[in-house]
Amino acid sequence: MEKLFASLNSFVTPDNWPGELFLLPQDAMRYIYQFIVDNKLQSCIELGTGFGATSCVIGAAVRELGGGQVITIDKYLHPHVNAKVLMRHVGLSDDSIDVVAEILGYNWYLADLLQEQTHNGVCTPLFDFCLLDGAHEWEPDALAFSLVAKLLKPGGWIAIDDINFCLRMIPTWQKSHGNYTDRELDTFQMRMVYELGVQQHPDFGDFHLTHEGRIGWARKKHIVADRKTSVAERIVTLFSRSHTKT
Ligand SMILES: C[S@@+](CC[C@H](N)C(=O)[O-])C[C@H]1O[C@@H](n2cnc3c(N)ncnc32)[C@H](O)[C@@H]1O
């Protein structure tokens, strides 16, 4: 991991490049790296590539596990600095991350994946981990969660960035989101996705926030095991009730 971060930190951005390479703090990126390695999350999808820093983190963590599958999706392959440029810089092979630029956005890409994975009306999940760090808006991210939830394997994890963020916090919001309503600008929209979408989803649990409330985590339940347990629990409860009455 140290080698990767040394390499990322040594990347020299082009003169007058207006971007910010590290859109997540480095301690959060290190946490994600270690989380993937510790939990052996070998099949990962990132929704919102940005300039590719977190894609490289996920790609390098999966490489440390001996390989797997990493897909990162953005509407654009940003000019000058992007996932492909950074992958080359940090020494990740071209085929270690599938860098997807889909102008229609990740929800259309997820629709295609769902279609590919669906046979006889049943979707076979693909991923152990999803990092959702894209639009930061209720629309399209509530839908993104619903779609990717189907593609997460039982036991798989989702991490949602910017739970404690609203669009008005962008220093240049007037330029980027000047035509938005006050409600859209001032609502913590990823918190809405997390609290109303993720935490109320019957298939998810292990909810917790890290990085001062910035990243929201959830794990897809091992549903079959859970259902068996709850049936077993119900039988035990019925048994003990009838036992108490006699
Ligand atoms: C905050 S950046 C991602 C940062 C990256 N995860 C990192 O920390 O290095 C958000 C990215 O999401 C992309 N994005 C926003 N809405 C999208 C959508 N509906 N589909 C695909 N990409 C989207 C933007 O183009 C932008 O590059």
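Simple point charges give the picture: +1 on the Cβ of Lys and Arg, -1 on the Cβ of Asp and Glu, and for the stretch 151-214 a dipole about the Cα centre of about 160 debye. The charge dipole of the stretch 1-63, taken about the Cα centre with unit charges on the Cβ atoms of Lys, Arg (+1) and Asp, Glu (-1), comes to about 240 debye, rounded to the nearest 20.
Say a paramagnetic label sat at a point 7 Å from the Cα of His211, along Cα to Cβ; which residues of the stretch 150-170 have their backbone N under 13 Å from it? What the label zone holds, given the 13 Å backbone N cut-off, is 159-165. Would you work out which of Cys123, Thr181, Ala142 lies farthest towards the positive end of the dipole of the chain, given +1 charges on the beta-carbon of Lys and Arg and -1 on that of Asp and Glu, about the Cα centre? It is Cys123, whose Cα lies furthest towards the positive end. A helix-only calculation puts the chain at -12500 deg cm²/dmol for mean residue ellipticity at 222 nm, using -39500 (n - 2.57) for each DSSP H run of at least four residues, averaged over all residues. For the pair the stretch 28-46 / the stretch 108-152, the C-alpha centres are spaced 18 Å from each other. Close amide-amide hydrogen proximity is noted between Gly155 and Lys220, Lys221, His222, each under 5 Å apart and 5 or more residues distant or on a separate chain (H modeled in the peptide plane; Pro and chain starts excluded). Take the chain and mark each of the GluC sites (Glu not before Pro) that is in a DSSP loop with at most 13 other Cβ atoms within 10 Å; the longest unmarked stretch, sites excluded, is 21-211.
Count charges around Leu65 for me, please; just the other residues with Cβ under 11 Å from its Cβ, Lys/Arg as +1, Asp/Glu as -1.
Charge balance in the 11 Å sphere: -1.
Taking all Cα pairs closer than 8 Å and separated by 6 or more residues, the relative contact order of the chain comes to 15 percent. By the gyration tensor of its Cα atoms, with a ≥ b ≥ c the square roots of the eigenvalues, what is the shape of the stretch 64-214: rounded for a/c under 1.5, prolate for a/b over b/c, or oblate? Oblate is the answer for the stretch 64-214, as a/c is 1.5 or above yet b/c matches or exceeds a/b.
Tally Lys/Arg at +1 and Asp/Glu at -1 over every other residue whose Cβ is under 14 Å from the Cβ of Glu102; what's the total?
Every neighbour counted, the sum reads -3.
Within the listed set Gly50, Gly66, Gly121, the residue fluctuating most in the Gaussian network model of the chain (springs between alpha-carbon atoms under 10 angstrom) is Gly121.
Determine the shape class of the stretch 141-203: with a ≥ b ≥ c the square roots of the Cα gyration tensor eigenvalues, call it rounded for a/c under 1.5, and otherwise prolate if a/b is greater than b/c, oblate otherwise. Taking the square roots of the gyration eigenvalues as a ≥ b ≥ c, the stretch 141-203 is prolate. Packing order of peptides 24-36, 123-135, 167-179, highest average first: 123-135, 24-36, 167-179 (average count of other Cβ atoms within 10 Å over each peptide's residues). Near Gly156: Cβ cut-off under 13 Å, other residues only, Lys/Arg at +1 and Asp/Glu at -1. The net charge is +3.
None of the figures in this text is laboratory data; all of them are computed from the coordinates on show. Everything quoted here is computed from the prediction, not taken from an experiment. Glycine also receives a Cβ, built like all others from the backbone with ideal geometry; neighbour counts cover every protein chain displayed.
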